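Here's the structure, in structure tokens; my notes come after.
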Number of protein chains: 2
Amino acid sequence: MEFKEYLKKNSALIDKELEKFFPKKLEKEWLEKALGKAEYKLDEQTITKSLAEPIWDFLERGGKRWRPTLMLLSYEALGGRNKKKIMPLTVLPELLHNGSIMIDDIEDSSELRRGKKCTHLIFGEDITINAGNTMYFLPFIVLYRNELNLKDKTLRKIYDLCSIEMMKLSAGQAMDILWHRENQSHLTEEHYLQMCAYKTGALARLSAKLGAILTEANPKETEKIGKYAESIGVAFQIQDDVLNLVGEKFSKGKGKGEDIHEGKKTLILLHTLKKASEEDRKRLEEIIESHPEEQEIINETIGIMEKYGSIEYAKEKAKSLVKKSWKEVEPFLKKGKAKEKLKEFGKYLTEREI
Amino acid sequence: MEFKEYLKKNSALIDKELEKFFPKKLEKEWLEKALGKAEYKLDEQTITKSLAEPIWDFLERGGKRWRPTLMLLSYEALGGRNKKKIMPLTVLPELLHNGSIMIDDIEDSSELRRGKKCTHLIFGEDITINAGNTMYFLPFIVLYRNELNLKDKTLRKIYDLCSIEMMKLSAGQAMDILWHRENQSHLTEEHYLQMCAYKTGALARLSAKLGAILTEANPKETEKIGKYAESIGVAFQIQDDVLNLVGEKFSKGKGKGEDIHEGKKTLILLHTLKKASEEDRKRLEEIIESHPEEQEIINETIGIMEKYGSIEYAKEKAKSLVKKSWKEVEPFLKKGKAKEKLKEFGKYLTEREI
């Protein structure tokens with residue numbers, strides 16, 4: 001089976017878990033299971049309208065659901081044998097991820113997400129911020145109700161993991177937001193990679209490490225598979241930047257070269273700025289500061305980037321990061337289908353054309 | 001010492017803990033302690049600017065810091081004897097609370113907070129949402145670094161507690177937002193109390209239960225002290241609504257009777273709607289739907305509410321809730337100063353005039 005097919009098949013299973021976990025209509029029974037017995041009187045109708053509806057409107061837009069898949073593959077490749085038991089926890093990385101992009105869209109004043117108007121443009125900013133933030137805690141219901149009957153030690157490890165990764169996500173977002181805003185002459189490629197390791201790497205790492213913790217992998221194995229996942233996250237982001245310049249279709253409903261218009265400090269841009277002749281560098285800085293919209297100038301910019309091999313460089317960088325971290329985790333993985341899929345996973349996500 | 005003085009003295013201690021925990025300038029050392037070793041290169045300057053600055057701008061506006069005080073009193077009244085050891089955890093309820101009102105201000109499009117322009121009007125909405133959300137995970141650093149050397153079981157209990165209370169906070173906010181927006185003829189007083197138990201009760205309950213967990217109280221004691229704290233939270237909110245109609249000063253920089261203008265479904269309003277003659281009820285509904293600004297109409301509304309004793313009713317309700325839950329927790333508490341203060345605490349917060 002091609003990896004794309006495999007991912008699709010898996011995503012249908014994750015969707016089922018999401019539906020089982022978080023009903024589209026929130027009734028008293030579910031609410032009291034989630035929040036404990038209500039002291040006074042619940043307003044199920046209102047909570048459904050302001051939580052379940054915006055959250056499901058978002059979830060139903062789809063997505064590759066690759067984080068839960070990464071979690072499951074890590075679990076199995078490290079020897080986990082009870083996939084069925086841990087399935088309810090697949091909602092954890094998926095809900096944190098969806099919450100974070102719902103919030104991202106507000107922070108970036110985005111208009112489109114997966115071909116549809118952003119949630120805040122449908123439900124309002126107040127409802128959407130609250131719904132997005134709810135998704136940061138919603139999946140912990142699986143932990144605090146402990147229906148999987150996990151040990152205190154395991155639960156503590158999972159909570160620790162989620163907390164540190166959510167902190168990294170925040171730090172990554174903090175960098176990304178400010179970098180867009182102001183002139184950032186101090187930035188280097190290493191800064192960009194760090195931002196990606198936090199912003200895109202965090203939930204990838206969380207997913208893989210969650211799988212590892214659930215199969216009681218040792219700290220070294222857990223760390224190595226986390227790093228592999230992180231490198232996939234970073235490479236995924238770099239590939240996103242590449243596709244924005246040379247791809248056929250664009251994520252987030254973005255137009256070709258929109259990153260240039262936004263002044264995004266990508267690895268590609270930082271590489272060109274470092275390598276370019278003084279004349280080209282000055283021209284490039286001038287363009288970036290002017291936030292151009294004209295396709296002609298966008299094409300000129302891409303031309304300068306290509307002249308210094310920066311797009312090719314970024315592609316190679318993405319591939320080599322994944323390759324290197326794979327080499328380090330590979331010896332720890334049990335031979336078999338999960339291991340193979342995990343390797344394909346890295347290749348698929350970082351070499352994707354869409 | 002008067003309780004007000006006591007609270008003030010305590011708040012100075014909490015401020016010290018906050019400063020110790022989260023520096024105003026984030027250097028490499030702190031960041032690596034909090035986030036782990038950076039794989040590539042940190043941008044400390046940017047993270048300081050987009051996280052530490054907005055968070056400190058907010059924290060320095062002050063506040064009563066009553067949640068950490070509640071945590072400490074609960075701990076001691078249930079027999080805890082090592083206050084010094086648990087002090088670093090006082091930042092937990094305080095940071096969650098501050099994060100939640102920073103976010104609240106965006107959701108409500110507020111302009112003033114503690115006499116100063118709201119954070120999002122100073123730093124921008126993107127930075128502020130991200131900073132507020134960061135505060136939802138920031139205090140967990142104390143847990144995952146485990147410098148207090150707590151047992152897995154205790155850590156797990158604290159994480160469980162924070163997760164369920166943050167879910168309740170979200171549910172309360174979900175109700176509050178939607179109730180402001182649309183006509184809500186189905187609402188009763190019991191609904192309002194439930195919203196308060198979630199929205200204002202959650203972090204009060206979290207604070208008290210945190211103190212209880214840290215002294216290894218049994219589940220019954222923990223539950224009872226949580227309920228006492230919850231009732232204080234609810235009463236605090238009711239008193240807020242009362243003061244908005246008849247107070248001398250107003251919280252959040254609100255003007256007199258602004259709740260009427262906003263169409264807020266308070267306990268007072270719901271009580272009047274239930275008790276009023278058909279004529280008065282119709283007039284009241286008409287006024288609420290017109291979102292009046294004129295002081296004359298605001299005063300007319302307050303007059304109708306007074307006619308049916310609704311303001312007095314709300315005040316009494318607040319007092320009786322606290323009294324009742326005190327009676328239930330009281331037998332479980334060790335005699336002494338902490339117990340006395342805990343009682344005064346309820347009285348002070350719910351009978352305050354500001």
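The values are calculated or read from the model by the stated rules, or taken from the named source; none is laboratory data. Remember, predicted model here, so these are calculated numbers, not experimental data. Note that each Cβ is placed from the backbone with ideal geometry, even for glycine, and that neighbours are counted across all protein chains shown. To get the accessible areas, we keep the full protein, side chains included, count just its heavy atoms, and leave off ligands, DNA and RNA. Shrake-Rupley method; radii C 1.70, N 1.55, O 1.52, S 1.80 Å.
The table below gives the values:
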item	result
Equivalent ellipsoid semi-axes - Cα gyration tensor, the protein assembly as shown, angstrom	45, 29, 25
Other copies of B:GLU60: label-to-label distances in nm, shortest first, labels 7 Å along the beta-carbon direction	4.8
Those aspartates and glutamates that a straight Cα-Cα span of less than 18 Å connects to B:LYS16, excepting residues fewer than 8 apart in one chain	B:GLU5, B:GLU53, B:ASP57, B:GLU60, B:GLU94, B:GLU147
Largest-first principal axis extents, alpha carbons of chain A, Å	68, 49, 36
Percent RCO, i.e. relative contact order, over region B:3-351, from Cα pairs under 8 Å lying at least 6 residues apart	20 percent
Percent accessible area from carbon and sulfur atoms, the protein assembly as shown, protein chains only, probe 1.4 Å	48 percent
Total accessible area lost when B and A pair, probe 1.4 Å, Å² to nearest 100	6300 Å²
Scattering curve values for region A:1-137, log₁₀ I(q)/I(0), Debye with Cα scatterers, q = 0.16 Å⁻¹	-0.90
Accessible area per residue in Å² at 1.4 Å probe, computed on chain B	42 Å²
For region B:14-34 versus region B:254-325, the gap between their alpha-carbon centres in whole angstrom	45 Å
Interface residues, region A:110-150 - accessible area loss of 30 Å² or more versus chain alone, probe 1.4 Å	A:GLU125, A:ASP126, A:ILE127, A:ILE129, A:ASN130, A:ASN133, A:THR134, A:TYR136, A:PHE137, A:TYR144
Mean-position separation - Cα centroids, region A:81-112 and region A:203-224, in angstrom	18 Å
GluC sites (Glu not before Pro) lying in DSSP loop within region B:196-297, provided at most 11 other Cβ fall within 10 Å	B:GLU248, B:GLU294
List of region A:170-206 residues, accessible area with partners at least 30 Å² below that of the chain alone (1.4 Å probe)	A:SER170, A:ALA171, A:ALA174, A:MET175, A:ILE177, A:LEU178, A:ARG181, A:HIS186, A:GLU190, A:HIS191, A:GLN194, A:TYR198
